[in-house]
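Read the structure below first, then the notes.
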Amino acid sequence: MMKMQKILVKLMVLVGVIGLSHGAIQRPDYDDTPNPQFLNPSWMASIPNDQLLSEVTMPGTHNTMAVYGGVYAECQTWSLASQLRAGVRFLDIRVRHVKGNLTIHHGVSYQRAHFGHVLEGVADFLREYPSETVLMRLKEEFSETGNIYGAVVDYIHRYADWDLLWHSRLVPTMAEARGKLIILQEFSGGDLGMCYDSLDIADDWRVPTLLNVADKWKSVYNHLEAAPTGNMAQIFLTYSSGAGVLVYPRAIAKRINAQLYNYLKAKTDLNQRLGIICMDFPSAPIIQMIIGFKLRESRKRSQAFNPVPRKASLKRVISSLTERLIKH
């Protein structure tokens with residue numbers, strides 16, 4: 001059994017290195033070509049300043065920088081700059097920590113970049129489009145130091161600006177978020193931004209075989225259906241991405257993205273919050289569909305302060321309210 005596992009691991013690494021032959025596809029729901037069909041660089045400009053970021057529906061990418069390593073590692077084909085200009089506002093960044101250096105990885109696959117490249121790319125984008133904001137999940141990957149805080153702070157000072165960050169665990173309004181990078185912190189240490197675990201998250205990424213795609217879609221569907229009536233003071237995050245030993249990200253994305261596209265297209269009421277929808281190989285049309293969901297004033301005011309939190313702990317909600325009272 002152990003010998004068979006070792007053979008499978010070697011086979012996966014080999015496939016990851018040489019890749020599998022495939023032609024690039026650009027569909028309305030799925031795109032693994034080098035460039036988006038069209039761009040949406042400043043779509044957040046039309047969002048009211050007093051709207052909480054948790055009330056905004058936005059597109060995101062899973063393993064944002066994973067563009068190398070063969071079919072088992074690749075989750076995107078667009079560069080970071082292209083993703084941001086296409087309208088992506090949630091980034092999923094994984095860093096390997098070695099002696100203070102933070103390189104970008106997807107598992108074993110090095111992505112030919114370091115955290116400084118990501119910070120520079122985000123800073124450049126926000127300087128060009130100050131009406132926008134970028135959320136970034138940040139976690140350690142392919143190293144187990146459990147101590148990346150100091151290195152992250154060092155990189156921020158070297159490659160960006162301390163004032164670029166949103167320095168609070170509270171959900172900002174759009175006025176507060178514009179021009180800011182909001183780190184969703186998934187590591188220990190001092191507060192650099194919001195806590196990733198404070199979000200309401202559906203991330204059932206394990207899809208062992210293509211026979212399990214239906215279960216994956218059910219998870220996505222259920223969370224998207226819950227988002228419009230969920231706690232409006234809490235950010236909802238739904239991952240449509242998935243992978244397994246016998247199925248790679250492209251195969252899942254080709255199937256789930258199609259179902260997601262049809263689901264969004266069938267909705268006639270765009271006056272609702274769906275939260276962050278995080279995808280592998282998104283297309284420009286599906287990104288445009290996602291950002292088309294915008295709360296009108298009446299809906300926002302009636303649901304902004306839902307007294308019944310879903311997965312957020314009562315302690316965290318009380319702490320957030322207390323901090324707001326002290327601040328004001």
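Can you work out which of the residues in region 275-300 that are under 30 Å from GLU74 (Cβ atoms) and assigned to a helix (DSSP H, G or I) is most open to solvent (accessible area, probe 1.4 Å)? Applying the filter and picking the extreme gives GLN288. Scanning region 73-122 for residues that are polar (S, T, N, Q) and within 18 Å of ILE156 (Cα to Cα) gives ASN101, THR103.
Tallying residues that are open to solvent by less than 30 Å² (accessible area, probe 1.4 Å), under 19 Å from the mean Cα position of the chain (by Cα) and free of Cβ contacts under 8 Å to residues at least 60 places away in the same chain within region 126-163 yields 7.
The set of residues in region 26-77 being buried (at least 16 other Cβ atoms within 10 Å of the Cβ) and among the acidic types (Asp, Glu) consists of ASP29, ASP31, ASP32, GLU55, GLU74.
Only one of the listed residues (GLY60, GLY121) is within 15 Å of the chain's Cα centre (by Cα) and on the phi < 0 side of the Ramachandran plot. That residue is GLY60.
Counting only helices (runs of 4 or more DSSP H) that sit completely within region 168-274, those holding 1 or more residues that are open to solvent by 50 Å² or more (accessible area, probe 1.4 Å), touching a residue at least 12 places away in the same chain (Cβ under 8 Å) and of a type outside the set (A, V, I, L, M) correspond to 213-226, 249-266. Which one is nearest to TYR68 (Cα to Cα) among residues in region 95-112 that are touching a residue at least 40 places away in the same chain (Cβ under 8 Å) and open to solvent by less than 10 Å² (accessible area, probe 1.4 Å)? Among them, the one singled out is GLN111.
The values are calculated or read from the model by the stated rules, or taken from the named source; none is laboratory data. Keep in mind that what you see is a predicted model, and the values were worked out from it rather than measured. So basically every Cβ, Gly included, is an ideal-geometry build from the backbone, and we count neighbours across all protein chains shown. To get the accessible areas, we keep the full protein, side chains included, count just its heavy atoms, and leave off ligands, DNA and RNA. Shrake-Rupley method; radii C 1.70, N 1.55, O 1.52, S 1.80 Å.
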